[in-house]
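Here is the structure we will look at.
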């Protein structure tokens, strides 16, 4: 297994981008969002998993998970409100 001290800066950046992309993906409504949600909620700690990435970026997985899920819920709520406003204007 790769220890975080042994990871090069480019490797750390790559895994950080994986985490950021999944954060972006989770806010959608397509199958990609569902897949991202399952990935964030998984307790798997194999290489490339959410938990593994957090550990190797020195992040607390539970804290990151809570924040990401809260952000996604807020974005979905904002989308619903925007759709409702657009519908009311069109009526």
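Remarks
- Inter-site label distance for residue 86 and residue 67 at 7 Å from Cα along Cβ, in nm: 3.0
- Crossing angle, helix 31-41 versus the chain [Cα axis fit, 0-90 degrees, rounded to tens]: 50
- Estimated [θ] at 222 nm from DSSP helical runs (n ≥ 4, -39500 (n - 2.57)) normalised by residues in the chain, nearest 500: -24000 deg cm²/dmol
- Using alpha-carbon coordinates, inclination of helix 61-90 to the longest axis of the chain, degrees: 20
- Taking the longest Cα principal axis of the chain as reference, the axis of helix 9-25 is set at about 20 degrees.
- For the chain, the Cα gyration tensor yields ellipsoid semi-axes of 33, 12, 11 Å (square root of five times each eigenvalue, largest first, whole Å).
Where a number appears in this text, it was derived from the coordinates with a stated rule and is not lab data. Only a predicted model underlies this, so the values are computations on that prediction, with no experimental measurement involved. All Cβ positions, glycine included, derive from the backbone under ideal geometry; neighbour counts span all protein chains shown.
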